[in-house]
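Colleague: First the structure, which I've put down as structure tokens, then a few questions once you've had a look.
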Amino acid sequence: MAHLLLDSSIRLWVVLPIVFITFIVGVLRHYVTQLLHNEKKVDLQQVSDSQVLLRSRILRENGKYLPKQSFAMRKHYFNNPETGFFKKVKRKVIPKNPMTDTSMLTDMMKGNLTNVLPMILIGGWINWAFSGFVTTKVPFPLTLRFKPMLQRGIELLSLDASWVSSASWYFLNVFGLRSMYTLILGQDNAADQSRIMQDQMTGAAMAMPPDPNKAFKSEWEALEIVEHRWALENVEEELMCQDLNFRGLFS
Amino acid sequence: MSSISELYDVSWEEMRDKLRKWREENYRNSEQIVDVGEELINEHASKLGDDIWIIYEQVMIAALDCSRDDLAWSCLQELKRQFPDSHRVKRLAGMRLEALERYEDANKLYDSILQDDPTNTAARKRKISILRAQGKSSEAIRELNEYLEQFVGDQEAWHELSELYINEHDYAKAAFCLEELMMTNPHNHLYCEQYAEVKYTQGGLENLELARKYFAQALKLNNRNMRALFGLYMGLFATSHQPYTPQNPEAQGFAARNRDEVDCVQLKFQHIHGEGLSC
């Protein structure tokens with residue numbers, strides 16, 4: 001393994017500036033996103049549906065604290081073949097086409113503008129400005145496959161793949177500074193890119209998944225198989241067995 | 001009249017933290033809030049920074065409670081100036097109108113909020129409390145039912161509905177509401193105990209047995225709940241005296257066990273009672 005000694009001015013003039021730039025750009029992105037952000041209009045129907053689903057889930061989990069009759073009544077309300085909520089209620093689902101739906105289109109554009117564009121611009125600039133030399137070494141060994149990706153300006157066949165160029169240091173920073181953003185900007189900040197990618201997959205408790213019918217069906221199935229095992233069956237005996245510890249109550 | 005900070009020797013930071021604690025834990029000690037808050041607003045407004053807006057809101061609501069209309073009005077003016085189009089501030093204005101018993105105007109204000117934003121729960125709840133304040137409990141119950149059909153998860157509303165039903169002596173429906181609360185908060189001994197009390201009030205052997213079980217559960221969750229202990233005692237006493245019919249063969253053994261349990265609880269009760277009297 002080659003032991004290379006890098007000029008310390010690389011550290012001063014390349015590594016630190018890239019960290020600085022990435023951080024500042026991230027903070028700027030956060031504020032710009034906040035400025036361009038518009039209130040998400042919450043639909044009454046969606047809120048109501050999400051709460052109903054929550055209630056059904058709680059019924060499944062904590063139903064054992066209710067008397068048998070009450071549990072059966074609620075289960076019946078949800079699952080009855082003719083009049084049950086999950087069976088009867090079918091929501092009209094308009095599949096939201098991202099191309100034609102205007103609000104989603106503007107949201108997407110804004111998202112692209114504030115996140116992808118700066119990344120491309122700055123990545124390109126760093127590639128142009130800081131090219132031709134090795135910036136840093138990753139602490140773990142990499143295979144030769146990574147060489148063309150991580151060693152962009154450096155055409156050396158014999159160089160270890162662990163030595164990377166400044167572009168890869170930049171990308172490392174973009175993802176690595178996430179926790180710094182949380183520290184400084186608080187939770188839920190817009191500079192956090194990976195969270196944005198996650199957001200598209202998971203849904204919050206307020207916003208409904210695009211297809212409530214599917215959610216209802218899965219909830220119906222889950223509720224069908226739950227049976228009621230009353231937790232309070234032997235509570236009195238249990239209470240009598242243990243000492244109620246009244247000694248220190250009034251001291 | 002000396003100020004709070006002189007009386008109790010506290011600094012403005014401590015007063016602010018106290019207000020925050022009261023706010024987060026939903027205390028309703030309005031007189032204290034008004035005293036502390038008024039002094040904070042008048043003397044230390046500049047040092048509070050952005051905290052001052054939420055303190056204005058808290059003090060305003062407390063001032064309405066103490067019928068300090070002057071203070072409420074000044075807080076409202078400040079908030080209106082800072083947040084001119086806010087639904088939250090509008091709701092506070094509506095609350096002030098309610099306090100002045102101008103219910104029609106308050107209703108109009110809330111309707112305008114709801115036109116803007118149909119999902120605003122605060123405005124709906126204020127409308128229902130107007131009905132309650134006017135004494136129209138059947139309408140309040142109807143409105144609250146409609147509200148709960150849409151917002152099934154609102155625990156405050158379920159509790160309010162259970163209170164309304166208890167006032168109307170409709171114990172079955174009150175029990176339903178309390179069951180919702182128990183379901184969402186299974187470890188809260190107070191809901192268990194309230195539910196047991198409602199069941200006990202309904203009467204009948206089955207309900208009494210349920211009541212006993214839930215009193216026992218409340219005691220298990222918190223063994224310092226005296227009401228639950230008393231309820232358990234009364235429940236055991238009541239069921240041990242119920243006539244048992246031949247259709248219920250286990251009732252005999254039940255009655256015998258009940259007697260034991262009654263004695264057991266009685267002993268424990270006397271124990272505390274004795275200790276309680278001695279101190």
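Colleague: Run the simple label-point estimate for A:LEU5 and A:ARG60 please: 7 Å along Cα→C-beta, distance reported in nm.
Modeller: Simple spin-label model gives 6.5 nm for this pair.
Colleague: Sticking with this one: Please return the longest stretch of chain B lacking exposed loop sites, where GluC sites (Glu not before Pro) count only if DSSP places them in a loop and at most 14 other Cβ atoms lie within 10 Å.
Modeller: Values: sites that count: B:GLU25, B:GLU101, B:GLU168.
Maximal segment without exposed cleavage sites: B:169-279.
Colleague: With every protein chain present, what is the per residue accessible area of chain B (1.4 Å probe, Å²)? Numbers along the way, then the final one.
Modeller: Values: 14990 Å² over 279 residues.
Ligands and nucleic acids excluded, the result is 54 Å² per residue.
Colleague: On to the next question. Using protein chains only and a probe of 1.4 angstrom, how many square angstrom of B:VAL10 are accessible, to the nearest 10?
Modeller: The accessible area comes out at roughly 40 Å².
Colleague: Further question: For A:THR136, which sequence-distant residues (separation of 5 or more, or a different chain) have an amide H within less than 5 Å of its own amide H, given hydrogens modelled in the peptide plane?
Modeller: A:VAL164
Colleague: Give the long-range amide H neighbours of A:LEU142: residues separated by 5 or more places, or on another chain, with amide H under 5 Å away, using H modelled in the peptide plane at 1.01 Å from N.
Modeller: A:ALA161, A:SER162
Colleague: ³J(HN,Hα) across segment A:48-61 via Karplus (A = 6.51, B = -1.76, C = 1.60, θ = phi - 60°), whole Hz, x for Gly/Pro?
Modeller: In residue order, the calculated couplings are 4, 4, 5, 5, 5, 5, 4, 4, 5, 5, 5, 4, 5, 6 Hz.
Colleague: Can I ask one more? With the contact rule set at Cα under 8 Å and sequence spacing of 6 or more, what percent relative contact order holds for chain B? If you can, show how the numbers build up before the last one.
Modeller: Values: 247 pairs, mean separation 19.6, N = 279.
The value is 7 percent.
Colleague: Quick one: angle between helix B:226-240 and the longest Cα principal axis of chain B, in degrees between 0 and 90, rounded to 10, please.
Modeller: Helix B:226-240 sits at roughly 30 degrees to that axis.
Colleague: Mind checking B:207-220 for the average number of partner chain beta-carbons within 10 Å of each residue's beta-carbon? It would help to have the intermediate numbers written out before the result.
Modeller: Values: counts 1, 0, 2, 4, 0, 3, 9, 4, 3, 8, 7, 1, 4, 7.
Mean partner shielding for this stretch: 4.
Colleague: Next question, about the same structure. Excluding ligands, DNA and RNA, what is the solvent-accessible area per residue of segment A:105-148 at a probe of 1.4 Å, expressed in Å²?
Modeller: Numbers: 3020 Å² over 44 residues.
Value for segment A:105-148: 69 Å² per residue.
Colleague: Continuing with this model, one more query. Using a 1.4 Å probe on the heavy atoms of the protein chains only, list every residue of segment B:145-177 that has 30 Å² or more less accessible area in the complete assembly than in its chain alone.
Modeller: B:GLN150, B:PHE151, B:VAL152, B:PHE176
Colleague: Going from most exposed to least, what order do A:TRP169, B:TRP22, A:TRP13 have by accessible area with a 1.4 Å probe? Before the final figure, lay out each step's value.
Modeller: Numbers: A:TRP169 50, B:TRP22 20, A:TRP13 170 Å².
My answer, sorted largest first, is A:TRP13, A:TRP169, B:TRP22.
Colleague: For chain B, what does the helix formula give at 222 nm: sum of -39500 (n - 2.57) over DSSP H segments with n ≥ 4, over the residue count, nearest 500 deg cm²/dmol?
Modeller: Values: 15 runs with 222 residues, N = 279.
Calculated mean residue ellipticity at 222 nm is -26000 deg cm²/dmol.
Colleague: How large is the accessible surface of A:HIS76 in square angstrom, using a 1.4 angstrom probe and rounding to the nearest 10?
Modeller: Spelled out: A:HIS76, probe radius 1.4 Å, area about 110 Å².
Colleague: I've got another one for you. With a 1.4 Å probe on protein heavy atoms only, tell me which residues of segment B:99-135 lose at least 50 Å² of accessible surface in the complex relative to the chain by itself.
Modeller: Residues meeting the cut-off: B:THR119.
Colleague: Moving on. Mind listing the phi-derived Karplus ³J(HN,Hα) values for segment B:157-171, rounded to whole Hz, using 6.51, -1.76 and 1.60 with θ = phi - 60°, and x for any glycine or proline?
Modeller: 5, 4, 5, 4, 5, 5, 4, 4, 5, 5, 5, 8, 6, 9, 6
Colleague: Quick check: the angle from helix B:250-278's long axis to the longest principal axis of chain B, C-alpha only, nearest 10 degrees?
Modeller: For B:250-278 against chain B, the angle is about 50 degrees.
Colleague: Calculate what fraction, in whole %, of the accessible area of segment B:86-126 sits on carbon and sulfur atoms when a 1.4 Å probe is rolled over the protein chains. Display every interim value, and only then the final one.
Modeller: Values: 900 of 2070 Å².
Answer for segment B:86-126 is 44 percent, counting heavy atoms of protein chains only.
Colleague: Right, another one. Kindly report, to the nearest 10 Å², the accessible surface of B:MET15 as traced by a 1.4 Å probe over protein heavy atoms only.
Modeller: We get 10 Å² for B:MET15.
Colleague: Return the distance in nm (one decimal) between the two label points of a simple spin-label model at B:LEU7 and B:HIS169, each offset 7 Å from Cα along Cα→Cβ.
Modeller: Distance between label points: 4.5 nm.
Colleague: Separate question: Sorted by accessible area with a 1.4 angstrom probe, largest first, how do A:LEU183, A:LEU172 fall? Display every interim value, and only then the final one.
Modeller: Numbers: A:LEU183 140, A:LEU172 100 Å².
Listed by decreasing accessible area, they come as A:LEU183, A:LEU172.
Colleague: Total accessible area buried between chains B and A, 1.4 Å probe, in Å² to the nearest 100?
Modeller: Numbers: alone 16740 and 18440 Å², together 31580 Å².
Approximately 3600 Å², summed over both chains.
The values are calculated or read from the model by the stated rules, or taken from the named source; none is laboratory data. Just so it is clear, the structure is predicted and the values come from calculations on it, not from any experiment. Note that each Cβ is placed from the backbone with ideal geometry, even for glycine, and that neighbours are counted across all protein chains shown. Heads up: the accessible areas ignore ligands, DNA and RNA and are worked out on the full protein's heavy atoms, side chains in. Shrake-Rupley method; radii C 1.70, N 1.55, O 1.52, S 1.80 Å.
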